[in-house]
Amino acid sequence: MSGAQDPADSPLAIQGLTVSYGERLALLGVDFVTPPGQLSAIVGPNGAGKSTLLKAALGIQPRVAGDLLVRGRPLPRPPRHIAYVPQRSSIDWDFPATALDVVLMGLYGGLRWWQPTRHRHRHWARECLARVGMEAFAERQIGRLSGGQQQRIFLARALAQEAELLLLDEPFAGVDAATERAIVELFRTFKAQGGSVLCVHHDLATLGDYFDHLLLLDVEVVADGPVAEAFTAANLQQAYGGRLTAAQLARLLPVSEASRP
Ligand code: ADP
Ligand code: MG
């Protein structure tokens, strides 16, 4: 199954992406055209290459092969139109920065974080913190925030960058219900403003509520299409192999599909 998107309209089209870590193949010949103005989920088992896909898509992970296109042209470096919210576990939370510093990093991109900031930049960074409900924590060291609060700070950083495409790696992992709702709300606002989201998601039970489009991955593309079409028992079986039981599958799938003989 493949999505019928036109790369010429897409904020990020991935063509023939192959990545390996030494001998270990993480991605093989992955094609994916990010649908513009939609919320897309990347789903797959542990080790499927989901995090690698995001890093390679940003150009920060070396590729064995593959092209990255933005509306049909080569990905610019750095890709200023893309904001990245990494997996929480990959961040050094002892880093001596406040929440406001982290948001300002999104604003400055290539510039050094110690360079003086202008008043209007700080004002805009505070505005972005306010949009994720974190204005009161601007001066707090990031290591002293809860998991959900840290995730919101990184969302504020992405907003500050005024990106048109958000790449997020399991933003809902280990956050409280209030943060989960705040993130979903932010996705919807971002989409309403024309933005696109590509998000690694591990909770199949909320997939249909939160996302429009699904990329099912297991080193290779297993399925790519609207959630309503691509989220099927056959595709999940193929992606997860023996790692999901029939009972788990039945619970996860929409009622109509699960109750079919
Ligand atoms: P996912 O995010 O889907 O769990 P990853 O993209 O993190 O998968 O990893 C894909 C595969 O590449 C896994 O087998 C993983 O062990 C391997 N891998 C990831 N990062 C590295 C690395 N820095 N060095 C070596 N192998 C890695
Ligand atoms: Mg991962």
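The values are calculated or read from the model by the stated rules, or taken from the named source; none is laboratory data. Remember, predicted model here, so these are calculated numbers, not experimental data. Here the Cβ positions follow ideal geometry from the backbone for every residue, glycine too, while neighbour counts run over all protein chains shown. Remember, those area values only see protein heavy atoms, side chains included, never the ligands or the DNA or RNA. Shrake-Rupley method; radii C 1.70, N 1.55, O 1.52, S 1.80 Å.
Consider MET105 carefully, then state whether it is away from ligand 1 (no atom under 16 Å from the Cβ), modelled with pLDDT under 95, open to solvent by 20 Å² or more (accessible area, probe 1.4 Å) and under 19 Å from the mean Cα position of the chain (by Cα).
Spelling it out, MET105 is indeed away from ligand 1 (no atom under 16 Å from the Cβ), modelled with pLDDT under 95, open to solvent by 20 Å² or more (accessible area, probe 1.4 Å) and under 19 Å from the mean Cα position of the chain (by Cα).
For the range 1-55, which positions are aliphatic (A, V, I, L, M), more than 14 Å from ligand 1 (Cβ to nearest atom) and within 14 Å of the chain's Cα centre (by Cα)?
LEU12, LEU39
For the range 131-219, list the helices (runs of 4 or more DSSP H) that sit wholly inside it and hold at least 1 residues that are of a type in the set (Ser, Thr, Tyr) and touching a His at 6+ places or on another chain (Cβ under 9 Å); which are they?
Helices (runs of 4 or more DSSP H) meeting the threshold: 204-210.
For GLU164, only one of the following conditions fails: (1) touching a residue at least 24 places away in the same chain (Cβ under 8 Å); (2) open to solvent by 50 Å² or more (accessible area, probe 1.4 Å); (3) within 16 Å of ligand 1 (Cβ to nearest atom). What is its number?
All conditions are met except number (3).
Kindly evaluate LEU207 against the criterion of being touching a residue at least 12 places away in the same chain (Cβ under 8 Å), under 13 Å from the mean Cα position of the chain (by Cα) and either buried (at least 21 other Cβ atoms within 10 Å of the Cβ) or within 16 Å of ligand 1 (Cβ to nearest atom) (or both).
no
Is at least one residue of the range 69-79 surrounded by 18 or more Cβ atoms within 10 Å (Cβ to Cβ), modelled with pLDDT under 90 and under 21 Å from the mean Cα position of the chain (by Cα)?
Checked the range 69-79: at least one residue is surrounded by 18 or more Cβ atoms within 10 Å (Cβ to Cβ), modelled with pLDDT under 90 and under 21 Å from the mean Cα position of the chain (by Cα).
Just to be sure I understand, how many residues within the range 220-247 are part of a helix (DSSP H, G or I) and either of a type in the set (Val, Ile, Thr) or crowded, with 16+ Cβ neighbours inside 10 Å (or both)?
So the first thing to find is which residues in the range 220-247 are part of a helix (DSSP H, G or I), and the list is 227-230, 233-243, 246-247.
With either of a type in the set (Val, Ile, Thr) or crowded, with 16+ Cβ neighbours inside 10 Å (or both) added as a condition, the list becomes 227, 230, 233, 235-236, 239-240.
Residues flagged as part of a helix (DSSP H, G or I) and either of a type in the set (Val, Ile, Thr) or crowded, with 16+ Cβ neighbours inside 10 Å (or both) within the range 220-247 amount to 7.
If ALA130 meets every condition in (1) open to solvent by less than 50 Å² (accessible area, probe 1.4 Å); (2) under 20 Å from VAL102 (Cβ atoms); (3) in contact with a helix residue (DSSP H, G or I) (Cβ under 8 Å, 6 or more places away or on another chain) apart from one, which number is that one?
For ALA130, the failing item is (3).
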